[in-house]
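Scroll down for the structure; my scribbles are underneath it.
Throughout, read-outs are computed from the coordinates displayed, never taken from laboratory work. Predicted, not measured: the structure shown is a model, and the values here were computed from it. Quick reminder, even Gly has a Cβ in these numbers, built from the backbone with ideal geometry, and neighbours come from all protein chains shown.
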Amino acid sequence: MRNFLQFHPEVADALAQNKPVVALESTVITHGLPYPANVETAVKMQTAVREGGAVPATIAIIKGQVHVGLTDDELEYLGRLAGTAVRKCSRRDIPLAIGGQEDGATTVAGTMILAHQAGIRLFATGGIGGVHRGHPFDISADLLELGQTPVTVVSSGAKSILDLPATREVLETHGVPIIGYGTDELPAFFARSSGLPVDIRLDTPEAVAHVMQAHQQLGLQNGILVTVPVPEADACDPDMVEAAIAQATAEADAQGVHGPASTPWLLRRVVELTNGRSLQANVALLRNNGYVAATIACALAAS
Ligand code: PSU
Ligand code: MN
């Protein structure tokens, strides 16, 4: 597998010296945000990882080659693919993109697989996929990947475009611990809480690192989910977002949007319906999660 991986020199150096590294996904760049806000946000997230003391490794497939860490030119190239038919790569899609020498943007599931292959234990993103409301068999491959790949994912939970209680149940079935970082409740992406409990609340990077070490020493092969609420100043009014989400979900159903197209379609529509207000929250939580993941990576390197 390592033969498919092309490491950015800075990432290769950091890994060789056991320095803290945080993986970042690329579907949020191509399918989650419009150009050029996507590239600007990706750069801000990489900067936040550095401010937290780690090296960022954004993962994407470019012309059939897996890149672990992107140059500025590669990031710009990827950003300009937003809105095109670039393949959204979950577990299923990775061999298709590599075999076909295609470009591919990795989802949470896809990034977890490639981060693990690259020897990176921490990965930061915005939101994970989940069980779609009203479609109990549309279960994101992210949840199953968390059940079988030993990478810790730092995110702001899942959007309430998803069925959060069902999402939580699937994670429990697959043995995925949900850590609330400074919170007792599962965050709901734009909103700081969902009313659902987390499995444990931890308040420091060291405490999370201790759980990760115990998990590894036990030889457990599943992932861990660390959830971080959106920063208070940038959170959206829950009623406003909820109304937008309800309308977007109803429209998607009416228009027959389904499968992998569903999440990107809903994300775009919610931005429109909130007049971009949700975008501000999205950017803020991505940066914050990058920073938090970096501090955990530092604690891990020191432990
Ligand atoms: N949720 C978000 N923003 C995102 C995604 C999810 O709030 O950008 C992306 C992530 O890449 C995630 C993917 O892994 O969508 C999930 O897609 P699906 O539901 O088709 O598994
Ligand atoms: Mn799906």
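Long-range amide H contacts for Asp138: which residues qualify at under 5 Å (H placed 1.01 Å from N, peptide plane, sequence gap of 5 or more or a different chain)?
Sorted by chain and number, the residues that satisfy this are His132.
So what is the orientation-averaged projected area of the chain, using the convex hull of its C-alpha atoms, in nm²? Working shown, then result.
Values: hull surface 55.5 nm².
Seen from a random direction, the Cα hull of the chain projects 13.9 nm² on average.
Asp73 versus Asn18, label points 7 Å from Cα toward the beta carbon: distance in nm?
Placing both labels 7 Å along Cα→Cβ, they lie 3.6 nm apart.
What residues have an amide H closer than 5 Å to that of Val66, excluding those fewer than 5 places away on the same chain, when H is modeled at 1.01 Å from N in the peptide plane?
Long-range HN contacts for Val66: Gln6.
What are the ³J(HN,Hα) couplings of region 54-62, residue after residue, when phi is run through the Karplus curve with 6.51, -1.76, 1.60 and θ = phi - 60°? Round to Hz, x for glycine and proline.
Ordered by residue, 3J(HN,Hα) equals 10, 9, x, 10, 6, 10, 7, 9, 10 Hz.
Using a simple charge model, +1 on the beta-carbon of Lys and Arg, -1 on the beta-carbon of Asp and Glu, nothing else, what dipole does region 151-216 show about its Cα centre, in debye to the nearest 20?
Once rounded to the nearest 20, the dipole reads 180 debye.
Treating each Cα of region 146-256 as an identical point scatterer and ignoring solvent, apply the Debye formula and state log10 I(q)/I(0) at q = 0.10, 0.16, 0.20 Å⁻¹.
These q points yield log10 I(q)/I(0) values of -0.33, -0.76, -1.04.
Where the only charges are on Cβ atoms (+1 Lys, Arg; -1 Asp, Glu), what is the dipole of the chain about its Cα centre, to the nearest 20 debye?
500
So how far apart, in nm, are the two label points at Ala261 and Asn275 if each is 7 Å from Cα heading toward Cβ?
3.0
Could you list the square roots of 5 times each eigenvalue of the Cα gyration tensor of region 90-153, that is, the equivalent ellipsoid semi-axes, sorted largest first and rounded to whole Å?
Equivalent ellipsoid semi-axes, largest first: 20, 16, 10 Å.
Kirkwood Rh over Cα pairs of region 183-233 into Stokes-Einstein at 20 °C, 1.002 mPa s: D in µm²/s?
Once the numbers are plugged in, D ends up at 175 µm²/s.
Per Stokes-Einstein, at 25 °C and 0.890 mPa s, what whole-number D in µm² s⁻¹ belongs to region 1-118, with the Kirkwood radius over Cα pairs as the hydrodynamic radius?
176
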